[in-house]
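Please read the structure below before turning to the comments.
The values are calculated or read from the model by the stated rules, or taken from the named source; none is laboratory data. Note that this is a predicted model, so its numbers are computed, not measured. FYI the Cβ positions are ideal-geometry reconstructions off the backbone, even for glycines, and counts take in every protein chain you see.
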Amino acid sequence: MEINQVFRAPVMSPVEIRVRTGSISTAEIISVLKGEITALHIKQAFSTEIAEEITANFVGSPGLQERKDGVPGQYVGASHYRKDAASYFAEAETARPYVEALFGNLVDPVRGLFNALKRELRKEGIELRLARSEHGQANVCRALSWSGRGTFSLDPHDDVAQVLCAGNDYELSAVAHNTVAALNFYPSMPEEGGDLRLWSHKPTVTDRKSQGVETTGYPYSATYLRAVPSRDIQLNAGDIAVIDGGFVHGVTSQSGNGKRRLVLNSFLGLARPDLVVWWT
Ligand SMILES: O=C(O)CCC(=O)C(=O)O
Ligand SMILES: [Fe+2]
């Protein structure tokens, strides 16, 4: 019994990735939300001009900070990870002008997608809105540049544990029982590496406890993932990826001496049958 518990092999879940070039459709995002597909990779989904503007504004942003929560990276915006609702929403309010400034005077493609999805879901009687509390409201996205130095620039993790353990003062903890979708826009990519790796495994609470990552979902060890098949999504600047964040995923190490890897990330999911919330 004891031995089985310690060495229990991760249960496999098939990964289905849909790849396409062009504009993202709201129907495809809804497919990820419904759990019909694991990941969606849209190549050349937004323009080089916008990608370059966002990247330049990120690098020069007065709101650019180093993460101090154990996940190596630089960011503009707010992360709910390991924060109570009061701290997260206060940080989101403070960071809002810096997030908005990333787009300069160009039209924000993340906001555009948010608005399109909002219109589409309304037809089905579902409201889409930013997560909120008495302390403030989430931003539409946050910008991140990972700086881990090992095999991964962002270690393998899942996005559900942090939501499940967000606490009762967050309306988003209800989403953890449905699909937590992660929406990523990539304004800048290094010459090599920086792939989004997806493992065929959706950890349960018991799995997380066994790995000592119950509340964070981060990081899963190489030993734990050794026998689990994985697929790499190779990204270029201008691509969008939407994934079921319940699957273990990470970002491979990057090389090349010029461009840094930059992602605009948001999360969304059904909090109730008639409500989708969106946060960062
Ligand atoms: O940068 C990426 O491609 C993935 C980001 C991610 O997994 C996260 O922010 O949770
Ligand atoms: Fe993630």
*Assess whether Pro109 counts as being crowded, with 16+ Cβ neighbours inside 10 Å, within 16 Å of ligand 1 (Cβ to nearest atom) and touching a residue at least 24 places away in the same chain (Cβ under 8 Å).*
no
_Of residues in region 257-268 being within 11 Å of ligand 1 (Cβ to nearest atom) and assigned to a strand (DSSP E or B), the one nearest to Val175 (Cα to Cα)_ = Phe267
_Residue list for region 46-65, filter: under 17 Å from Asp108 (Cα atoms), aliphatic (A, V, I, L, M) and out of contact with any helix residue (DSSP H, G or I) (no Cβ under 8 Å at 6 or more places or on another chain)_ = Ala51, Ile54, Ala56
*For the subset of region 151-177 comprising residues that are away from ligand 2 (no atom under 11 Å from the Cβ) and among the small types (Gly, Ala, Ser), which member is farthest from the chain's Cα centre (by Cα)?*
Gly167
*From the set of residues in region 66-106 that are among the basic types (Lys, Arg) and touching a helix residue (DSSP H, G or I) at 6+ places or on another chain (Cβ under 8 Å), which is surrounded by the most Cβ atoms within 10 Å (Cβ to Cβ)?*
Lys83
*Does at least one position in region 207-221 carry a residue that is within 10 Å of ligand 1 (Cβ to nearest atom), touching an Asp or Glu at 6+ places or on another chain (Cβ under 8 Å) and more than 20 Å from Tyr88 (Cβ to Cβ)?*
no
*Starting from residues that are modelled with pLDDT of 95 or more and surrounded by fewer than 21 Cβ atoms within 10 Å (Cβ to Cβ), keep the ones in region 248-259 and report whichever is nearest to ligand 2 (Cβ to nearest atom).*
Thr252
*What number of residues in region 167-221 are β-branched (Val, Ile, Thr) and in a helix (DSSP H, G or I)?*
3
*Does region 168-180 include one or more residues that are surrounded by 22 or more Cβ atoms within 10 Å (Cβ to Cβ), within 11 Å of ligand 1 (Cβ to nearest atom) and touching a residue at least 60 places away in the same chain (Cβ under 8 Å)?*
yes
*Any residue in region 89-110 that is of a type in the set (D, E, K, R), modelled with pLDDT of 95 or more, within 18 Å of Ser266 (Cα to Cα) and touching a strand residue (DSSP E or B) at 6+ places or on another chain (Cβ under 8 Å)?*
yes
*Got at least one residue in region 226-241 being among the hydrophobic types (A, V, I, L, M, F, W, C), in contact with a Gly (Cβ under 6 Å, 6 or more places away or on another chain) and within 16 Å of ligand 2 (Cβ to nearest atom)?*
no
*Residues in region 216-236: is at least one buried (at least 18 other Cβ atoms within 10 Å of the Cβ) and closer than 16 Å to Leu262 by Cα?*
yes
*Check Ala271, Ala227, Ala237 and return the single one that is within 16 Å of ligand 1 (Cβ to nearest atom), more than 14 Å from the chain's Cα centre (by Cα) and among the hydrophobic types (A, V, I, L, M, F, W, C).*
Ala237
*Return the residue satisfying two criteria in turn: it lies in region 222-256 and is assigned to a loop (DSSP other than H, G, I, E, B) and free of Cβ contacts under 8 Å to residues at least 60 places away in the same chain, and of such residues it is farthest from Asn168 (Cα to Cα).*
Gln234
*What tally of residues in region 115-137 results from selecting those that are within 29 Å of Gly73 (Cα to Cα) and either touching a Lys or Arg at 6+ places or on another chain (Cβ under 7 Å) or part of a strand (DSSP E or B) (or both)?*
6
